[in-house]
Amino acid sequence: MFYPYNTLQIWDTVGEACTELKREYDQCFNRWFAEKFLKGDRGEDPCSETFRKYQSCVQKAIKEKDIPVDGVEFMGPNKDKPES
Amino acid sequence: MVKYFCNNTDIRSTWDYVVSAFWQRYPNPFSTHVLTEDVVYREVTSNNRLLSRRLLTKTNRLPRWADRFFPSGISRCVYIIEDSIVNPVDRKLTTYTWNLNHTTLMSVEERCVFQDSTDEPDTTLLKREAWISSGIFGFSRPIQEFGLSRYKSNQVKAMKGLEYALSNLRGISLAVAGDTAPWLLSDTVKDASGKAKEAAKNLASAAAPPKTQQFI
C-alpha cells in the first residue's frame, strides 16, 4: 500500500502540505499553554493567526481524504458512560 | 458484549509537566504506528477550560486470521479522535479517544483522567478506562481478546511515549538557563523518532499482509 508522505518529513500531518504550518502552530501553542494558560493568564491568544492558517490547510486535506470527522459530537461516546 | 478495562498509574512528574508533555508526545520512538497527528479543533471556554480535538491516523496491525475481514481494497489505516478538556483550576485533564472507522470489526474507546496524586508529592495519577467491543457475529470473543491484548500493548507504548516526552522536557529544563524554552522538546530528539517512524512507514508500504503478531 502506498503512503503518499514526503520522506523528509518529521512532523506528520494528514495534509502533506501542512507540515510547516503545523510546526509553527504547535510551537506557538506549546509556549502559550505552559506560560499563559496553565498560569491562569486570560490574555489574548497569540496563536489565533497561525491556527487559522494551519486549520485551513488541514481541513482541506481532511475533506480531500474523506475522513469522517465532520459532525462528530465533542466527547460524544462519553455521554453514555458512568462518571469516572 | 463490551469488555471493560480499568487501571491506575502513578506518573512521577507534576501535573503541569504531564499536561504539557501530553501535547508533545508525537513522534516518539514507541509511536511508529502513529502516522499522523493533527489538532482539528480548539477552544478556550468562558470558564477557562481548554477543549481540543486531535485526529490521529494509525496503522492497523492485525493478526493473519483477521485478514479475511479486510479485502485488499479496504484502507488499513485507522482514524482516531482524541477529545480532551484541560481544567487548569481543578488541575484535571480528561481525554476521550475512540476509532472512527473499522468499528464493525472493533470499537475501542478510552477515557483517561490525569490529576494530582493525593498520596505522593510531584506525582500525577492517571486513571484509564477502556471499552472494547466487536460487532462481528460469531467472532466477537476472539476479536475482543485480541483487541484487549493490543490495547494493553498500546497502553504500554503510550506510557513509554509520554515518559519519553516528559524526560526530555525535564532534561532540557534542568540543563538550560535564560531565554531558552524548557517546554519545547528539542528538534534533534524528535528527528531521531521521525527517522524511526519513517523506517516503519517504508516497511508498512512495502509489506503485503501484515506480519502475525504475538498476543498473549
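The values are calculated or read from the model by the stated rules, or taken from the named source; none is laboratory data. Please read all numbers here as calculations on a predicted model, not as lab measurements. Neighbour counts are summed over all protein chains in view; Cβ atoms, including those assigned to glycine, are modelled from backbone coordinates with ideal geometry. Only protein heavy atoms, including side chains, enter the accessible area calculation; ligands, DNA and RNA are left aside. Shrake-Rupley method; radii C 1.70, N 1.55, O 1.52, S 1.80 Å.
Only one entry of B:46, B:31, B:72 meets the criterion of being in a loop (DSSP other than H, G, I, E, B), in contact with a Ser or Thr (Cβ under 8 Å, 6 or more places away or on another chain) and either modelled with pLDDT of 90 or more or small (Gly, Ala, Ser) (or both), and that entry is B:31.
Can you pull out the residues in the stretch A:63-80 that are more than 7 Å from chain B (Cβ to nearest Cβ), surrounded by 13 or more Cβ atoms within 10 Å (Cβ to Cβ) and part of a loop (DSSP other than H, G, I, E, B)? Within the stretch A:63-80, just A:65 meets the criteria.
A quick yes/no check of all residues on (1) surrounded by fewer than 17 Cβ atoms within 10 Å (Cβ to Cβ); (2) more than 9 Å from chain A (Cβ to nearest Cβ); (3) under 23 Å from residue B:123 (Cβ atoms); (4) in contact with a strand residue (DSSP E or B) (Cβ under 7 Å, 6 or more places away or on another chain):
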residue	(1), (2), (3), (4)
B:8	yes, yes, yes, yes
B:13	no, yes, yes, yes
B:30	no, yes, yes, no
B:36	no, no, no, yes
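Answer with yes or no whether residue B:53 is outside any strand (DSSP E or B) and either facing chain A (nearest Cβ under 10 Å) or open to solvent by 10 Å² or more (accessible area, probe 1.4 Å) (or both). Considered against the rule, which asks whether it is outside any strand (DSSP E or B) and either facing chain A (nearest Cβ under 10 Å) or open to solvent by 10 Å² or more (accessible area, probe 1.4 Å) (or both), residue B:53 comes out as no. Among the residues of the stretch B:118-134, which ones are open to solvent by less than 20 Å² (accessible area, probe 1.4 Å) and outside any strand (DSSP E or B)? Within the stretch B:118-134, B:123, B:134 meet the criteria. What are the residues in the stretch A:1-40 that are at pLDDT 85 or above, within 27 Å of residue B:14 (Cβ to Cβ) and not in a helix (DSSP H, G or I), if any? Selection gives A:36, A:40. Of all residue pairs spaced 6 or more apart or on separate chains, those with beta-carbon atoms under 7 Å, a first member in the stretch A:22-40 that is under 16 Å from residue B:43 (Cα atoms) and open to solvent by 80 Å² or more (accessible area, probe 1.4 Å) and a second member that is assigned to a loop (DSSP other than H, G, I, E, B) and not polar (S, T, N, Q) are A:36/A:43.
Considering only residues in the stretch A:41-62 that are more than 9 Å from every other protein chain (Cβ to nearest Cβ) and part of a helix (DSSP H, G or I), the one that is surrounded by the fewest Cβ atoms within 10 Å (Cβ to Cβ) turns out to be A:48.
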